[in-house]
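First comes the structure, then the notes that go with it.
The values are calculated or read from the model by the stated rules, or taken from the named source; none is laboratory data. Since this is a predicted model, take the numbers as computed values, not measurements. Note: ideal-geometry Cβ built from the backbone for every residue, glycine included; neighbour counts use all protein chains shown. The area values use the complete protein model at the heavy-atom level, side chains included, leaving out ligands, DNA and RNA. Shrake-Rupley method; radii C 1.70, N 1.55, O 1.52, S 1.80 Å.
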Amino acid sequence: MTSRRSARGWGALSLAVGAVLVSTAAQSPDPDPDHRHAWWGAASQDVDAVVSVDGCAAADGLCSAPPHAVALGGDRVLTGRPFTLDPKASGPVVLALRTPGVLADVNVTDQRGRRIAGAQSTDRTRWTSAAPLPAGARYAARLVVDGVRPGSPRRARLDFRTGPAPEGERLTVTFGPEDGGTYGVGRPVTAELSLPVPEDAPDARRAVERALDVRAEPHVEGAWHWVDDSTLHYRPRTYWPARATVRVRSGLDGARIGDGLYGGPSRPLTFTTGPRIEAVTDVSAHEMTVFRDGEPLRTLPVTTGKAGYRTRSGIKVVLGKEPLVRMRGDSIGLTRGTEDFYDLKVRWATRVTWSGEYLHAAPWSLDAQGSEDVSHGCTGMSTEDAAWLFHTVREGDLVRVVNGYGQPMTPFDNGFGDWNLGWREWLRGSALAGTATEAGARAEAGAHTETDPHTETDPHTEADPHSEVGADTAAAAGTPTTPSTPSPPTAPPVAVRAAGALSPTF
């Protein structure tokens, strides 16, 4: 039902010298733009401008909400009575000048002073927000209108609120890693949604993705990737910078997601990165070289997975460290009493997959380290070297396996294999791929070639099947594998790490 204020405001339209129309993007374009001049000629000198606010829902361009109108006037700055948009006005907000002149400047900010993204039309008579505005929030539009009368340009301020969100369940997000920690440069940001957002709801996914903000100092190029309906990962194109600060926040609170679903409040996240630590295992050479900020620290003799238990190739990320782990062969289907069965307490274990692949001390294989592969999938080394590595790396540091024979590390189902996707393929997992892919394709030209493992260029290659190209191929630690060319991933579900469900190999 139209309010009394709305009725008075619509009456004032016929008296206005200038009019700025605020509507939703769902409203149909003005079929008669020349009527701006008619309004100008018929206007009263008591009002400088009128802001008309409609309540059109963004559904098939049909308007079902009553409009509002506010007269603007004053001396130095034109102001008017604040108003509230109808909750049904769910499209992007449009400000349109309906009288002769132009919008020389438009600056819309929220209640925290953050600028709302938007763009002006080429004729500078219309401004459209980049996305719908969250519900239940306050906004201020500061305008500079030029050409309306002698003495212009005139400054104007318009204060308004968006309607409150209806009662109901709210979509929230939990970010990872832990707030306040320091991590390696390979640790992606994870976002776990409280409710699923299916792939067949692209508008809702875009709304979610736009609301999840990641900022790094120094700046990086990065993007979100939908792992499944409830999980997103964010990573830069080429690892985080060393000693960076990363801030992650959600703008979902009050945001319209779709089908009556609104966002709720979520805790922000801030973490830092340490030096760039990268352990590169050359399977053919039977050695691991550890780099810090591009400089080699040590080269260690190692042994990796033997035939039937080959160590996965590609890029992995340190998931955690355990000073003592019990490893048993029956966890991977080996029968007690057979030649391959083992039951060992293993020291200085650095974990790189949820299924149980570690870098660890293997004093029983000292004779093979540096010369042959004898493990069941893990990377073994001397106790001294394992202890040194354990105290050198942290969660999020990089572990690369090159020149090997195992299947490639999968992107999402067994740890953080995110870096095994090239940048172009990563962007295809974004709901904003229409805008992100174009920029990413330009940046990626010439990037997918094998590079020095400790440079800041893109580490991916699409030529060597045992390098860092991702594949949707499950290769659980300790299971027989054979070399194969990777196939494109199909967004496998995120593995849930249940206590005791997965046991380590050695």
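Of the residues contained in segment 337-345, none is found to be within 30 Å of Thr273 (Cβ to Cβ) and among the aromatic types (Phe, Trp, Tyr).
One residue alone among Gly168, Gly176 is loosely packed, with under 15 Cβ neighbours inside 10 Å and in contact (Cβ under 8 Å) with a residue 60 or more places away in the chain, and that residue is Gly168.
Quickly run through segment 251-283 and pick out the residues that are basic (Lys, Arg) and surrounded by fewer than 20 Cβ atoms within 10 Å (Cβ to Cβ). Passing the criteria: only Arg267. Screening Thr289 with (1) closer than 20 Å to Ser371 by Cα; (2) open to solvent by 60 Å² or more (accessible area, probe 1.4 Å) gives one miss only, at (2).
Residues in segment 223-260 that are farther than 20 Å from Asp179 by Cβ and part of a strand (DSSP E or B): Ala223, His225, Trp226, Val227, Asp228, Arg256, Ile257, Gly258. Is it the case that segment 313-326 has a residue that's of a type in the set (Asp, Glu) and touching a residue at least 24 places away in the same chain (Cβ under 8 Å)? Within segment 313-326 (the criterion being of a type in the set (Asp, Glu) and touching a residue at least 24 places away in the same chain (Cβ under 8 Å)), the answer is yes, since at least one residue qualifies.
The set of residues from segment 332-351 being under 39 Å from the mean Cα position of the chain (by Cα) and surrounded by fewer than 20 Cβ atoms within 10 Å (Cβ to Cβ) comprises Gly333, Arg347.
Where residues in segment 381-412 are assigned to a strand (DSSP E or B) and under 14 Å from Arg310 (Cβ atoms), which of them is most open to solvent (accessible area, probe 1.4 Å)? Per the stated criteria, the residue is Val402.
Does Thr125 satisfy being more than 21 Å from Asp213 (Cα to Cα), open to solvent by less than 10 Å² (accessible area, probe 1.4 Å) and polar (S, T, N, Q)? So Thr125 fails the test. With respect to being open to solvent by 50 Å² or more (accessible area, probe 1.4 Å) and either touching a strand residue (DSSP E or B) at 6+ places or on another chain (Cβ under 9 Å) or of a type outside the set (Ser, Thr, Tyr) (or both), Arg312 falls outside the description. When Asp228 is tested against (1) touching a strand residue (DSSP E or B) at 6+ places or on another chain (Cβ under 6 Å); (2) of a type outside the set (Lys, Arg); (3) open to solvent by 10 Å² or more (accessible area, probe 1.4 Å); (4) modelled with pLDDT of 95 or more, just one condition goes unmet, and that condition is (1). Can you work out which of the residues in segment 195-208 that are in contact (Cβ under 8 Å) with a residue 60 or more places away in the chain and open to solvent by 10 Å² or more (accessible area, probe 1.4 Å) is nearest to Asp179 (Cα to Cα)? Filtering segment 195-208 for residues that are in contact (Cβ under 8 Å) with a residue 60 or more places away in the chain and open to solvent by 10 Å² or more (accessible area, probe 1.4 Å), the one nearest to Asp179 (Cα to Cα) comes out as Leu195. Taken together, Ser121, Ser129 contain a single residue that is in contact with a strand residue (DSSP E or B) (Cβ under 9 Å, 6 or more places away or on another chain) and without any contact (Cβ under 8 Å) to a residue 12 or more places away in the chain, which is Ser121.
Taking (1) open to solvent by 30 Å² or more (accessible area, probe 1.4 Å); (2) more than 20 Å from the chain's Cα centre (by Cα) in turn, Gly91 satisfies each apart from (1). Being open to solvent by 20 Å² or more (accessible area, probe 1.4 Å), at pLDDT below 95 and under 18 Å from Ala255 (Cα atoms) is a condition met by at least one residue of segment 137-146.
Strands (runs of 3 or more DSSP E) wholly in segment 30-124 with at least 2 residues that are at pLDDT 70 or above - which ones?
93-97, 102-110, 118-120
Checking each residue in segment 231-244 for being of a type in the set (Gly, Ala, Ser) and open to solvent by less than 10 Å² (accessible area, probe 1.4 Å) picks out only Ala244.
Taken over segment 156-179, the criterion of being in contact with a strand residue (DSSP E or B) (Cβ under 6 Å, 6 or more places away or on another chain) and polar (S, T, N, Q) is satisfied by Thr174 alone. Among the residues making up segment 381-423, those that are closer than 16 Å to Gly356 by Cα and among the charged types (D, E, K, R) are Glu395, Asp413.
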